[in-house]
Amino acid sequence: MEGVLGYRHKTAWGLSYDITGNIDFFRSKVTYLPENSKNSYEHNDYHNLAQDEKAYGSRIGYVVEGLYQSREEVLSCGQAGARVGGLKYADLNGDGMINEKDRTWVYNPVPNFSYGFTVNLSYRDFDFTMFWQGVSGVDVINDQKFQTDFWSITDAGSNKGSRLIDAWTPANNGSSIPALTTSNGADEGRMSSYFVENGSYIKMRTLQLGYRLPVQLVKKLLLSSARIYLSGDNLWTIKSSSLTCSDPENTAWNYPHTASFTFGVQVGF
């Protein structure tokens with residue numbers, strides 16, 4: 001579903017402005033999966049995309065409640081390989097053990113809505129355009145955390161992210177980043193809510209300032225029109241404060257949307 005709103009006006013002193021906005025959303029749920037395709041999708045004996053009518057692409061995982069703060073917590077948790085300063089998974093079924101029965105739906109790729117708006121201004125021979133685009137209420141899986149928050153899950157011994165400087169220690173027990181370890185005995189790279197973050201954002205996609213050359217000068221140049229402009233793309237991102245990577249559209253080590261500037265000339269003959 002999509003909605004579009006627009007407003008256009010010209011003031012008495014020559015300023016014209018045109019503001020257009022749109023908002024759209026969709027909902028997704030899987031209602032049937034052929035038996036021979038079930039292994040291709042996230043499910044187990046307790047959770048199934050079709051039975052639970054979850055959105056296509058949803059995933060199950062463990063719910064992280066924080067970090068283990070003491071040896072006593074570790075000994076009583078029922079989690080294989082648990083360690084002090086390691087991820088603490090929720091015992092959702094209350095049986096005193098942490099295993100696959102404690103997984104639940106932790107990731108939904110469908111945003112609440114997406115939106116955008118454009119502002120066009122013109123005054124005499126000057127024109128200005130600004131376009132913003134955003135997404136609200138969307139889960140993202142931050143795969144970069146494998147490198148920025150853990151030493152042993154992947155590429156053990158290689159360079160890691162600066163977030164590891166703030167990893168948990170007995171003297172830094174308020175940290176949410178697991179303690180450093182050279183082994184992954186607790187299987188902390190398994191799918192869990194630790195890697196699911198709020199990917200909401202709004203981005204300034206385009207900012208452009210233009211100027212139309214005077215008619216007298218254009219005629220001398222044997223042209224019918226001429227305009228010069230300076231344009232910038234992907235100049236600013238406002239993202240969720242809880243997102244730990246720099247770009248909500250670059251959570252899986254894809255190439256980021258780079259900022260760019262363009263100077264151009266448009267002519268008509």
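The values are calculated or read from the model by the stated rules, or taken from the named source; none is laboratory data. Because the structure is a prediction, the values reported are computed rather than measured. No Cβ is skipped: glycine too gets one built from the backbone with ideal geometry, and neighbour counts run over all protein chains shown. Surface areas here come from the heavy atoms of the whole protein model, side chains and all, with no ligands, DNA or RNA. Shrake-Rupley method; radii C 1.70, N 1.55, O 1.52, S 1.80 Å.
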* Filtering the stretch 194-225 down to residues that are hydroxyl-bearing (Ser, Thr, Tyr) and touching a Phe, Trp or Tyr at 6+ places or on another chain (Cβ under 7 Å), which residue is farthest from residue 242 (Cα to Cα)? -> 224
* Please tell me if residue 192 is open to solvent by 20 Å² or more (accessible area, probe 1.4 Å) and either in contact with a His (Cβ under 7 Å, 6 or more places away or on another chain) or touching a residue at least 40 places away in the same chain (Cβ under 8 Å) (or both). => no
* Find the strands (runs of 3 or more DSSP E) located wholly in the stretch 100-153 whose residues include 1 or more that are among the polar types (S, T, N, Q) and farther than 30 Å from residue 226 by Cα, and list them. => 104-107, 113-123, 126-136
* Structure fact -> If we keep only residues of the stretch 197-233 that are touching a helix residue (DSSP H, G or I) at 6+ places or on another chain (Cβ under 8 Å) and open to solvent by 30 Å² or more (accessible area, probe 1.4 Å), then the residue farthest from residue 120 (Cα to Cα) is 224
* Complete set of residues in the stretch 178-229 that are at pLDDT below 95, of a type in the set (S, T, N, Q), in contact with a strand residue (DSSP E or B) (Cβ under 6 Å, 6 or more places away or on another chain) and not in a loop (DSSP other than H, G, I, E, B) -> 225
* **Enumeration of residues in the stretch 254-265 that are touching a Gly at 6+ places or on another chain (Cβ under 8 Å) and among the polar types (S, T, N, Q)** => 260, 262
* Asked: If you check residue 248 against the conditions, is it of a type outside the set (Ser, Thr, Tyr), in contact (Cβ under 8 Å) with a residue 40 or more places away in the chain and part of a loop (DSSP other than H, G, I, E, B)?
  -> yes
